[in-house]
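Below is one structure, written out as C-alpha cells; the observations come after it.
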Amino acid sequence: MKILSDKMKAYWKRASDFCVYKILHADDPPHRLALGIGIGMWVTFLPLIGFQMALSVFLAWLFRANKLVGIPLVWISNPVTIVPIYYPCYWVGCKLLGTPVVSDEWARLKVHWQTLQADPTTQWSNKVRFWWDSFLDFAGPLGLGCLLVATIFGIVSYYASLFAIRAYRLRRWGQLMPPSLTPDGSHDASIGGIPSQEHASGGKVA
C-alpha cells in the first residue's frame, strides 16, 4: 500500500507541475492553451490509437493552438483503457443508429484481450494490431459514438480550461499573460491575447 501511495503522490506531483508550469504559467494566451486542451481531449476519444499524438499536434498547428498541452491528454486512451473508453462510445453509436449492441462479440474480444494482457511475450504492436482488427467489425457505430462523445468533451474541456486559466491568471497577476511578457506593466485583458481598448488607451480593466 505504501508503494502504491508513493506512486500516486509522484504522479499527482508531476500532474500538478505540468498544470502549473506548462499551462497556467505558459507563455501563451488563455485561448491558445484552452484550444490545445480541447483539441487534445477531442482526439483522445477518437478510435485512432497509434496516430492520436500526431493528429493532435497537426490540429493544434492548423488552428494555431498550443501544441504541448494536448499531448498528455491523448495518452489517456491506450491499449489498457480501450474498453472503458470506447465501449460507452460504441454503445452511444448503436443507440443513435438503432442497431443492437453485440454483447457476445464484445465478450469474445474481452477474453482475447485478457489473454494478450496475461501473456508476458505480448508486445505493443500486438495490442495495436488487435485494436485495428477489432475496429473493423464495429467501425460504423463506434466511429459515430466516438465523434459525438469527443465533440462534447472537446467543447466542455475548452470552455472549462479557458475559464480556469483566465480566473487563475487574473487572480494571481491581475492580467491574462505572464508578467515576464509584459514588462511595461500593460495588462492583456482579451481572450485571444490582444490588448483591450481600455489598455490601449491607458485605462484599467474592471
Mind checking which pairs have a first residue in the range 31-52 that is closer than 14 Å to residue 146 by Cβ and without any contact (Cβ under 8 Å) to a residue 12 or more places away in the chain and a second that is surrounded by fewer than 21 Cβ atoms within 10 Å (Cβ to Cβ) and aliphatic (A, V, I, L, M), Cβ under 9 Å, 6 or more apart or different chains? 48/55
So which pairs qualify, if the first residue must be in the range 137-151 and over 7 Å from residue 93 (Cβ atoms), the second must be assigned to a helix (DSSP H, G or I) and hydroxyl-bearing (Ser, Thr, Tyr), the Cβ gap must be under 6 Å, and the two must be at least 6 apart or on different chains? 138/90
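Considering only the range 89-106, state which residues are more than 22 Å from residue 130 (Cβ to Cβ) and in a helix (DSSP H, G or I). Walk me through how you get there before you give the answer.
At the first step, the residues of the range 89-106 found to be more than 22 Å from residue 130 (Cβ to Cβ) are 92, 95-100.
Of everything in the range 89-106, those that are more than 22 Å from residue 130 (Cβ to Cβ) and in a helix (DSSP H, G or I) turn out to be 92, 95, 96, 97.
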Show the residue pairs that are 6+ apart or on different chains and have beta-carbon atoms under 9 Å apart, the first residue being within the range 76-91 and in contact (Cβ under 8 Å) with a residue 40 or more places away in the chain, the second being hydroxyl-bearing (Ser, Thr, Tyr) and surrounded by 14 or more Cβ atoms within 10 Å (Cβ to Cβ). 82/134; 85/44; 85/77; 86/77
Could you please find all residues in the range 36-55 being out of contact with any Lys or Arg (no Cβ under 8 Å at 6 or more places or on another chain) and over 21 Å from residue 127 (Cα atoms)? 37, 38, 39, 40, 41, 42
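Which of the following residues is farther than 25 Å from residue 34 by Cβ, of a type outside the set (Asp, Glu) and at pLDDT 90 or above: 113, 91, 124? Explain how you work it out, then say what you get.
Details: 113 fails: at pLDDT 90 or above; 124 fails: at pLDDT 90 or above.
None of the others qualify; the one that does is 91.
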Residues located in the range 174-195, provided they are touching a helix residue (DSSP H, G or I) at 6+ places or on another chain (Cβ under 7 Å), more than 24 Å from residue 70 (Cβ to Cβ) and at pLDDT 65 or above: 175
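Quick grid of which residues meet (1) buried (at least 16 other Cβ atoms within 10 Å of the Cβ); (2) in a helix (DSSP H, G or I):
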residue: 111; (1), (2): no, yes
residue: 144; (1), (2): yes, yes
residue: 161; (1), (2): yes, yes
residue: 168; (1), (2): yes, yes
residue: 176; (1), (2): yes, no
Qualifying positions in the range 75-88 - at pLDDT below 85 and part of a helix (DSSP H, G or I): 82, 83
Within the range 143-156, identify whether any single residue is among the polar types (S, T, N, Q), out of contact with any Phe, Trp or Tyr (no Cβ under 7 Å at 6 or more places or on another chain) and at pLDDT 70 or above, and answer yes or no. no
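The values are calculated or read from the model by the stated rules, or taken from the named source; none is laboratory data. The model shown is predicted, which means the values in this text are computed figures rather than measured ones. Cβ sites come from the backbone with ideal geometry, for glycine too, and all protein chains shown count toward neighbours.
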